[in-house]
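Novice: Provided herewith is a single structure, encoded as structure tokens, for subsequent inquiry.
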Amino acid sequence: MRHAILGPGGVGGLIGSCLARAGSSVTLVGRPGAVDSYPRKIHLESIFGNFSVPVEVAEVVPATDVLWITVKATQLDAALESFPKGELAGAIVPLLNGIDHVQSLRAKYGASRVIPATIAVEAERVSPGYFVHRSPFAILNMASQGREMLGEPVSQLQQQGFTCQFVEDEPTLLWRKLVFLAPLALVSTFTAKTTGEIFANPEWWQLLQSAIRETCAVALAENAKVDVEVVISTIRKLPGNMRSSMQKDVAQNKPPELDAIAGPILRGAERHGIGVPVMSKLAAEIARRISL
């Protein structure tokens, strides 16, 4: 199969490397002028193995069977400029943080072709074409409508070491990631601490639990099936050296995905009349810091 990766950062590099290793054709799509620096052979350092694989590079999305959109939410509009002017064939799999991008993409490219998906992983691009997968897991969940179109690449990724699942209930698919991601992102950014440091500090651990409970309350009101106690216990088992991508962005003075990650919770809370004082405070403080 032919795959294109729009936004070859950590997640895109991990997926692209593994698909290319499995024998698929992979094209990395980058910003105009930036692709000149992309090597035609990329390297992945991962628990799945350390290896280099050949890829194509392009400034415009080519004819493809699957387009993986792995840009940050703040970069989505600009990245879509690389879509061809004519018809774009194949499935579109957005792996952005947040929820709101799904309806936006469907309005542009059709509901049947946009397959909502989420990924839980810590991976980063350390230099053009060099990617490091840091977490001991890579969990890819996709809407069940993608079974037929994504069966082959899912099998290839599973063989590489990914954990993959098709989820029938779309609100659950999208919110199930956000209830983990948003509290961790905001608390880790607010404290500027690793997961282990947060767990070890009673005040910060209580802050994180409160943020989780507020986020789960909104998710339940949005008809997602989440269990707050399962979320808390699962987060508590995370490796102690993890840092969120929002935390890294703020530390590096890059625009964080604050609206994409916190926005659905704050707007959902307002729609349903749910109090989320902790998440509101965290979001406001992070917004204040990045405006300085």
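The values are calculated or read from the model by the stated rules, or taken from the named source; none is laboratory data. The shown structure was predicted, so the numbers you read here are calculated from the model rather than taken from an experiment. Neighbour counts run over all protein chains shown; Cβ positions are idealised from the backbone, glycine included.
Novice: Would you confirm, using the coordinates I've provided, whether ILE265 is more than 16 Å from the chain's Cα centre (by Cα), β-branched (Val, Ile, Thr) and more than 22 Å from GLN209 (Cβ to Cβ)? Steps first, please.
Specialist: Values: more than 16 Å from the chain's Cα centre (by Cα): yes; β-branched (Val, Ile, Thr): yes; more than 22 Å from GLN209 (Cβ to Cβ): no.
When the stated conditions are applied, ILE265 does not pass them.
Novice: Let me ask another. From (1) within 21 Å of GLU170 (Cα to Cα); (2) surrounded by 17 or more Cβ atoms within 10 Å (Cβ to Cβ), pick out the condition that doesn't hold for ALA221.
Specialist: (2)
Novice: Please verify whether region 27-34 includes one or more residues that are hydrophobic (A, V, I, L, M, F, W, C), buried (at least 18 other Cβ atoms within 10 Å of the Cβ), within 18 Å of the chain's Cα centre (by Cα) and part of a helix (DSSP H, G or I). Even if it seems obvious, please write down each step before you answer.
Specialist: Residues of region 27-34 hydrophobic (A, V, I, L, M, F, W, C): 28-29, 34.
Those still in the list that are buried (at least 18 other Cβ atoms within 10 Å of the Cβ) too: 28-29.
From what's left, within 18 Å of the chain's Cα centre (by Cα): 28-29.
Subsequent filtering for residues that are part of a helix (DSSP H, G or I) retains none.
Checking region 27-34: not a single residue is hydrophobic (A, V, I, L, M, F, W, C), buried (at least 18 other Cβ atoms within 10 Å of the Cβ), within 18 Å of the chain's Cα centre (by Cα) and part of a helix (DSSP H, G or I).
Novice: Additional query: Any residue at all in region 146-165 that is of a type in the set (Asp, Glu) and in the same structural domain as ALA22 (by TED's automatic domain parsing)? Reasoning before the result, please.
Specialist: From region 146-165, those of a type in the set (Asp, Glu) are 148, 152; that's our starting set.
With in the same structural domain as ALA22 (by TED's automatic domain parsing) added as a condition, the list becomes 148, 152.
Looking through region 146-165, at least one residue is of a type in the set (Asp, Glu) and in the same structural domain as ALA22 (by TED's automatic domain parsing).
Here is a yes/no grid of residues against (1) more than 26 Å from ARG106 (Cα to Cα); (2) touching a residue at least 40 places away in the same chain (Cβ under 8 Å):
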| site | (1), (2) |
| --- | --- |
| GLY146 | no, yes |
| VAL167 | no, no |
| THR172 | no, yes |
| PRO183 | yes, yes |
| PHE199 | yes, yes |
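Novice: Among the residues of region 239-276, write down those that are surrounded by fewer than 20 Cβ atoms within 10 Å (Cβ to Cβ) and in a loop (DSSP other than H, G, I, E, B).
Specialist: PRO239, GLY240, ASN241, MET242, ARG243, GLN252, ASN253, LYS254, PRO255, GLY273, ILE274, GLY275
Novice: Give me the residue from region 35-80 that is of a type in the set (Val, Ile, Thr) and assigned to a strand (DSSP E or B) and, out of that set, nearest to the chain's Cα centre (by Cα).
Specialist: Looking at the filtered set, the residue picked out is ILE69.
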